[in-house]
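The values are calculated or read from the model by the stated rules, or taken from the named source; none is laboratory data. These figures come from a predicted structure and were not determined experimentally. Heads up, the Cβs are rebuilt from the backbone with ideal geometry, glycines too, and the neighbour counts pull from every protein chain shown.
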Amino acid sequence: MVTRNKGRSLLVIPDTYIMIDTETTGLSPDWDRILEISAIKVKSGKVINEFSRLIKYSENDIVPSFITELTGITTTMIRSKGISPKQATSEFKAFVEESLIVGYNVNFDINFIFDSYQQFNLGDFNNDYVDVWRIARRFFKGERHNRVVDVMPRLGITHQQRHRALADCYDQKSILDELSIRIDENFFKQSKRAKQKSKFDLRTLISTSSSINQDSAFYQKSICFTGALSIPRKDAAQLVVNIGGAAQNGINKKTDYLVIGDISYSTNVKNGITGKMKRANELMNAGQDITILTETLFMEMLEEENA
């Protein structure tokens, strides 16, 4: 697993920063590549400069059709307007310098950019950063989805998301601006206090379902969660119990599944993994059969079995 020496994640509403966004060919920095990288420089809440580059790769400049459908970026555009990834990354670094970075699900963009810095010997991309998605999730508690497309209409932002990096920077700034108006001075204090509450014992949950699907992959299986989930962990554990599974507080020799949420902000991450992930790996190396799932895959499996 790649360990990235990134900056600190800050939970604040900044007024001077650089908003960033990327368009990529997929979700993994290991296998996919950046097609477009953009940023806007914001000072005292006002945009004072823009940066946007399309990127052309000599070894593979084909834009996947589903990316063209989503973003409008075509292979022809890349070939005619794109610059090399080294040039684009170098120019981006010169634009952002040591500024505070802001973005939406910004760890996704940072991971891609960090790896580009490393590839071209530009050092670590370790600017401190603020994730607007993190703030939105706290503001819209109880909402299952808090993507840009979900949050904009809730905040009265009426135009459609274009899925182009520069336009997305402005959309993300609009969301941050609206949240800054609606969030009071106690918002972040309340968030910190919520973390200090005693943890609920997931093992005490009982089923609230009248029927149990014995064909479920999770029936009579023990499931543990790590990282931040898109729904409260207690609710995720209740879904497990309702299908005849057992929810666990920690990893042990009975664990069958470990479900991983967002670990970007977990305080017990070391070398890119949480304590539960480390314990699961130890047990797996010792011969225990533990299946590791992302939260997305876990929810998809539940939805398919309940369809």
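The figures follow:
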{"item": "Boolean, residue 215 is touching an Asp or Glu at 6+ places or on another chain (Cβ under 9 Å) and loosely packed, with under 12 Cβ neighbours inside 10 Å", "result": "yes"}
{"item": "All positions within region 48-69 that are part of a helix (DSSP H, G or I), surrounded by 13 or more Cβ atoms within 10 Å (Cβ to Cβ) and not polar (S, T, N, Q)", "result": "67"}
{"item": "Restricting region 137-166 to residues that are loosely packed, with under 12 Cβ neighbours inside 10 Å and charged (D, E, K, R), the residue that is nearest to residue 230 (Cα to Cα)", "result": "144"}
{"item": "Residue check for residue 109: in contact (Cβ under 8 Å) with a residue 60 or more places away in the chain and in contact with a Gly (Cβ under 9 Å, 6 or more places away or on another chain)", "result": "yes"}
{"item": "Positions within region 70-86 being free of Cβ contacts under 8 Å to residues at least 12 places away in the same chain and surrounded by 13 or more Cβ atoms within 10 Å (Cβ to Cβ), in sequence order", "result": "74"}
{"item": "Among (1) under 23 Å from the mean Cα position of the chain (by Cα); (2) free of Cβ contacts under 8 Å to residues at least 60 places away in the same chain, the one test that residue 164 misses", "result": "(2)"}
{"item": "Selection status of residue 104, closer than 30 Å to residue 146 by Cβ and under 17 Å from the mean Cα position of the chain (by Cα)", "result": "yes"}
{"item": "Any hit, region 214-222, residues being at pLDDT 85 or above, within 14 Å of residue 302 (Cα to Cα) and assigned to a strand (DSSP E or B)", "result": "no"}
